[in-house]
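The values are calculated or read from the model by the stated rules, or taken from the named source; none is laboratory data. Fair warning: this is a prediction, and the values are worked out from it, not measured in the lab. Cβ placement follows ideal geometry from the backbone for every residue including glycine, while neighbour counts extend to all protein chains displayed. Areas reflect the complete protein model, heavy atoms only, side chains present, ligands, DNA and RNA absent. Shrake-Rupley method; radii C 1.70, N 1.55, O 1.52, S 1.80 Å.
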Amino acid sequence: MDVTRRDFLKTTLAGGAAVSAFGFSLAPVYAQTRALKIARTTETRSTCPYCSVSCGVIIHTLGDKAKNTTPQVVHVEGDPDHPINRGTLCPKGASLEQEISNERRLSNPQVRRPGSDRWEDISWEQAFDEIARKLKDTRDQTFVERDEQGLTVNRCEGIGWTGGCTDTNELNYLAVKTMRSLGVCYFETQARV
Ligand code: SF4
């Protein structure tokens, strides 16, 4: 049998299955090639944070088993066992990996001071201190115990909270508990928890 290298690689489709020049099916080889991308990853089930549909996703992380490696998310896909989306994702959800591993993603708190035209990096400690100070002062100044009819309302009218579309449900849950305990009633998150 005279088989060139090209012939060897060339395949014909027979009955829907890929068959090599020698007559054996290459379908398992192709399937294995696809599997290699996530062959050594750890699967973590989570929820797409972008909208309140809350589709289930599987996050594939590579390199979190060894001590000298930095875990890296390499793939995100729809969870086929999830009752909401059955493995499907819209374009936003399908691009989640690009949101997780993005060089332009901020990793420091930033602040824009009153009157300033630029954002500046600050440390986490400084951010916590400044936010806590402003929350306390604003709540003290704007807390309303009784309304004009004398009814007990115990609400803080000087603070509002809005959640971003990439906040996790866990963060939104904590935000609800924290803000409600302060008496904040102007509150919204995309998760609607
Ligand atoms: S995958 Fe799309 S539809 Fe599903 S939760 Fe994410 S943004 Fe919403």
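A few points about this structure:
- The set of residues in the stretch 119-128 being open to solvent by 100 Å² or more (accessible area, probe 1.4 Å) and closer than 22 Å to V184 by Cβ consists of F128 alone.
- Screening Q126 with (1) in a helix (DSSP H, G or I); (2) touching a Leu at 6+ places or on another chain (Cβ under 9 Å) gives one miss only, at (2).
- Qualifying positions in the stretch 96-118 - surrounded by 13 or more Cβ atoms within 10 Å (Cβ to Cβ) and of a type outside the set (A, V, I, L, M, F, W, C): E97, E99, P109
- When residues of the stretch 70-82 are limited to those that are over 18 Å from P49 (Cβ atoms) and either open to solvent by less than 60 Å² (accessible area, probe 1.4 Å) or not polar (S, T, N, Q) (or both), the one farthest from the ligand (Cβ to nearest atom): P71
- The sole residue among C165, C185 that is in contact with a Lys or Arg (Cβ under 7 Å, 6 or more places away or on another chain) and either within 16 Å of the ligand (Cβ to nearest atom) or not in a helix (DSSP H, G or I) (or both) is C185.
- Selection of the stretch 86-126 for residues being within 16 Å of the ligand (Cβ to nearest atom) and either among the hydrophobic types (A, V, I, L, M, F, W, C) or touching a residue at least 40 places away in the same chain (Cβ under 8 Å) (or both) yields L89, C90, K92, G93, A94, L96, E99, I100.
- Among the strands (runs of 3 or more DSSP E) confined to the stretch 1-90, the ones with at least 3 residues that are under 17 Å from the mean Cα position of the chain (by Cα) and modelled with pLDDT of 75 or more are located at 42-47, 56-62, 72-78.
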